[in-house]
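Okay, here's the structure, questions in a sec.
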Amino acid sequence: MDKISKHISYKEATKSYTATKFNIDNTPDSKTIKRMKKVANKIFEPLRTFYKVPIAVVSFYRSPKLNDKIGGSDSSQHVTGEAIDIDADVYRSITNKQIFDFILHSTRFDQLISEFPDDKGEPEWVHVSYDYNEDNRHEILVAYKEDGYTKYKYYEG
């Protein structure tokens, strides 16, 4: 398989430095690939088409073993292929806030998280998920650190 979608390669969607370092298999099954394709086509491709610039995928699929190794949530949608982390800072053509706002106002999604925004509201990266069965919650959160732990609060706009 070469592509998950027009602008996301299979390699990009499954790459992980941690998986490579610890020799963890990060190969999704066919059901997971179907979910990944849906997320890519419902969320990433409209974003990419609108801005017409490269946008980095920093985390997409995580095998259960990889997710455990990095300390991911037991309920992480990355494991099911239904979540993607996107970072505009890699190419610097647009901002992560632009990505967040586009997804918020222009797509349907399950969960949208502004990850560790600065004082101006610019996230370090954007996490977004899409439920394969289209039972999307439209949950909007902000991740922040408190006493060394990641916590979440509802986005207030």
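Condition check: out of contact with any Gly (no Cβ under 7 Å at 6 or more places or on another chain), closer than 27 Å to E45 by Cβ and surrounded by 14 or more Cβ atoms within 10 Å (Cβ to Cβ). Does Y130 satisfy that?
Considered against the rule, which asks whether it is out of contact with any Gly (no Cβ under 7 Å at 6 or more places or on another chain), closer than 27 Å to E45 by Cβ and surrounded by 14 or more Cβ atoms within 10 Å (Cβ to Cβ), Y130 comes out as yes.
Restricting segment 53-91 to residues that are over 21 Å from Q111 (Cα atoms) and not charged (D, E, K, R), which is surrounded by the most Cβ atoms within 10 Å (Cβ to Cβ)?
Only one residue fits best here, namely L66.
Of everything in segment 1-17 that's assigned to a helix (DSSP H, G or I) and surrounded by 14 or more Cβ atoms within 10 Å (Cβ to Cβ), which residue is nearest to the chain's Cα centre (by Cα)?
Filtering first and then ranking leaves A13.
Which of the residues spanning segment 135-149 are surrounded by fewer than 15 Cβ atoms within 10 Å (Cβ to Cβ) and modelled with pLDDT of 95 or more?
Answer for segment 135-149, where residues must be surrounded by fewer than 15 Cβ atoms within 10 Å (Cβ to Cβ) and modelled with pLDDT of 95 or more: D135, R137, H138, E139, Y144, K145, E146, D147.
Please pick out the residue among F50, F100 that is surrounded by 12 or more Cβ atoms within 10 Å (Cβ to Cβ), over 24 Å from N26 (Cα atoms), out of contact with any Pro (no Cβ under 9 Å at 6 or more places or on another chain) and not basic (K, R). Spell out how you get there, then give the answer.
Numbers: F100 fails: out of contact with any Pro (no Cβ under 9 Å at 6 or more places or on another chain).
Checking each option against the conditions leaves just F50.
A further question on this structure: Among the residues of segment 44-79, how many are more than 13 Å from the chain's Cα centre (by Cα) and in contact (Cβ under 8 Å) with a residue 60 or more places away in the chain?
1
Quick one: in segment 103-125, which of the residues that are touching a strand residue (DSSP E or B) at 6+ places or on another chain (Cβ under 8 Å), assigned to a loop (DSSP other than H, G, I, E, B) and open to solvent by 30 Å² or more (accessible area, probe 1.4 Å) is nearest to K38 (Cα to Cα)?
E124
The values are calculated or read from the model by the stated rules, or taken from the named source; none is laboratory data. Just so you know, these numbers come straight off a predicted model, no measurement behind them. Cβ sites come from the backbone with ideal geometry, for glycine too, and all protein chains shown count toward neighbours. Note: areas computed on protein heavy atoms with side chains; ligands, DNA, RNA excluded. Shrake-Rupley method; radii C 1.70, N 1.55, O 1.52, S 1.80 Å.
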